[in-house]
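K.L.:
I'd like to ask you about the structure that follows.
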Amino acid sequence: RKGGPQLGREGPGGKGPGEGKKNVRTIKWQAKDPNGDKLIFSVWIKGVNEKNWRLLKEKLEESSYKLDSTALPDGWYHVKVVATDERSNPEGMAKAVEKISDPFLVDNSQPRISELKVEPLPQGDGVRITFKASDPTSILKSASYSLDNKEWQVMFPDDQLFDSKEESFTITLKGLSPGEHTISVKVVDIAGNISSIRKAFSR
């Protein structure tokens, strides 16, 4: 029998329109059969360093699948889609084809903020605030701070680049009035996970 399923891939995407959960990825693919046979699909997943595929869903008729990654450990994964025309052909004559996605990252862990310190400047009415941020899986993407619950201000690492999983930060604030103040800092990784911390201090 000539022909058989033909399968193209788009791969796992991020959060799609109308999806209420941050960690839902929409896996899409394109499929056709030259004979016009009805196709069904199965979706599999494995870590990039694993040998065995794990079945996520079988007997799918749609060419997409929503993967909730909250139950997956952080790391890099492949998804495999298998298309078959078994519903349109006698047993033993069905054909199947599969495609494997590029690696994609699952990161459900929040960044960690540590060593938040507030020190008075040697002279004047200001303070120097320092802290460190790290993430076990992803590169850090952005950071910001808020003084006394005011508008968040964008800040950059000490080396001026968000290019690693660990960064150090320094904020210099001047012109503070005497009394108690609060500083809040917030860090976001490339997967969209957010951490924040708040500290009170007096000048």
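The values are calculated or read from the model by the stated rules, or taken from the named source; none is laboratory data. The structure presented is a predicted model; accordingly, all values stated were derived computationally and were not measured. A quick note on method: Cβ atoms are made from the backbone with ideal geometry, for glycine too, and the neighbour counts reach across all protein chains shown.
K.L.:
What is the number of the single condition among (1) surrounded by fewer than 13 Cβ atoms within 10 Å (Cβ to Cβ); (2) part of a loop (DSSP other than H, G, I, E, B) that residue 114 does not meet?
P.N.:
Going through the list (1) surrounded by fewer than 13 Cβ atoms within 10 Å (Cβ to Cβ); (2) part of a loop (DSSP other than H, G, I, E, B), residue 114 breaks only (2).
K.L.:
Taking residue 84, is it closer than 30 Å to residue 155 by Cα, β-branched (Val, Ile, Thr) and in the same structural domain as residue 29 (by TED's automatic domain parsing)?
P.N.:
On the way: closer than 30 Å to residue 155 by Cα: no; β-branched (Val, Ile, Thr): yes; in the same structural domain as residue 29 (by TED's automatic domain parsing): yes.
In short, no.
K.L.:
Please indicate, with yes or no, whether at least one residue in region 127-137 is in the same structural domain as residue 40 (by TED's automatic domain parsing) and either outside any strand (DSSP E or B) or basic (Lys, Arg) (or both). Spell out the reasoning first.
P.N.:
Of the residues in region 127-137, the ones in the same structural domain as residue 40 (by TED's automatic domain parsing) are none.
No, region 127-137 contains no residue that is in the same structural domain as residue 40 (by TED's automatic domain parsing) and either outside any strand (DSSP E or B) or basic (Lys, Arg) (or both).
K.L.:
Additional query: If a residue counts only when it is at pLDDT 75 or above and over 24 Å from residue 192 (Cβ atoms), which strands (runs of 3 or more DSSP E) contained entirely in region 9-73 have at least 1 such residues? Spell out the reasoning first.
P.N.:
Details: elements: 24-32, 40-47, 54-60, 64-68.
So the answer is 24-32, 40-47, 54-60.
K.L.:
Same structure again: Being in a loop (DSSP other than H, G, I, E, B), within 30 Å of residue 124 (Cα to Cα), at pLDDT 95 or above and not hydroxyl-bearing (Ser, Thr, Tyr) is true for just one of 199, 186, 150. Which residue is that?
P.N.:
Working: 199 fails: in a loop (DSSP other than H, G, I, E, B); 186 fails: in a loop (DSSP other than H, G, I, E, B).
It is 150.
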